[in-house]
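Below you'll find the structure, written out as structure tokens, and then a few comments.
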């Protein structure tokens, strides 16, 4: 799956002020860590935010390389690590396949995972932090994240299974 971000940053989020705000927040986090926001890193942020499917590092790399062919995989990994350290991206770990990354909602929240096409989607959940705080109070633990994933077959794959096609990718 190739995830492409538009060529101009200003056009990417023109109708989505919330994503534009996230983009600036992520850039500021990089700068605060002393990391220059190069064109390649800015494109990485755009690719990450343009995807609502929680891309893997290789998918992010593919999207950045579409604009900047010389971009190394190390640049992607290093930038993702900094974004994780600063709380600007949520890493969704999978034992059987590549980890995925969520830059739109960088705090613990539930996901829907398709077992056929491996699409990962956000599941709408009110008061995401509320369970963390309740468990912290009840147990004395300082809870830092919660992982709840629901596994099944997405509507696209269900529809495509009747026609014999593979969906979501």
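The values are calculated or read from the model by the stated rules, or taken from the named source; none is laboratory data. What you see is a predicted model, and the numbers here were worked out from it, not measured in a lab. Every residue, glycine among them, receives a Cβ derived from its backbone with ideal geometry; neighbour counts consider all protein chains shown.
Identify the residue in the range 70-89 that is surrounded by fewer than 12 Cβ atoms within 10 Å (Cβ to Cβ) and outside any loop (DSSP other than H, G, I, E, B) and, among all such residues, is farthest from the chain's Cα centre (by Cα).
Within the range 70-89, the first condition is being surrounded by fewer than 12 Cβ atoms within 10 Å (Cβ to Cβ), and the residues that meet it are 70, 74, 85, 87.
Now restrict to residues that are outside any loop (DSSP other than H, G, I, E, B): 74, 85.
Details: 74: 18, 85: 15 Å.
Residue satisfying both the conditions and the ranking: 74.
Only one residue in 102, 122 is under 22 Å from residue 21 (Cα atoms), outside the structural domain of residue 23 (by TED's automatic domain parsing), surrounded by 12 or more Cβ atoms within 10 Å (Cβ to Cβ) and under 13 Å from the mean Cα position of the chain (by Cα). Which one?
Working: 102 fails: outside the structural domain of residue 23 (by TED's automatic domain parsing).
Just one listed residue meets the conditions, 122.
Do you know which residues across the range 47-56 are surrounded by 17 or more Cβ atoms within 10 Å (Cβ to Cβ) and in a loop (DSSP other than H, G, I, E, B)?
Within the range 47-56, 51, 53, 54, 55 meet the criteria.
Out of curiosity, is residue 59 over 20 Å from residue 25 (Cα atoms) and outside any loop (DSSP other than H, G, I, E, B)? Outline the logic, then answer.
Working: over 20 Å from residue 25 (Cα atoms): yes; outside any loop (DSSP other than H, G, I, E, B): yes.
Yes.
Out of 2, 49, 90, 19, I need the residue that is under 30 Å from residue 151 (Cβ atoms), at pLDDT below 95 and touching a strand residue (DSSP E or B) at 6+ places or on another chain (Cβ under 9 Å). Which one?
90
Within the range 138-145, identify whether any single residue is surrounded by 12 or more Cβ atoms within 10 Å (Cβ to Cβ), in contact (Cβ under 8 Å) with a residue 12 or more places away in the chain and assigned to a loop (DSSP other than H, G, I, E, B), and answer yes or no. Spell out the reasoning first.
Let us first name the residues in the range 138-145 that are surrounded by 12 or more Cβ atoms within 10 Å (Cβ to Cβ), namely 143.
Remaining after also requiring in contact (Cβ under 8 Å) with a residue 12 or more places away in the chain: none.
No: the range 138-145 contains no residue that is surrounded by 12 or more Cβ atoms within 10 Å (Cβ to Cβ), in contact (Cβ under 8 Å) with a residue 12 or more places away in the chain and assigned to a loop (DSSP other than H, G, I, E, B).
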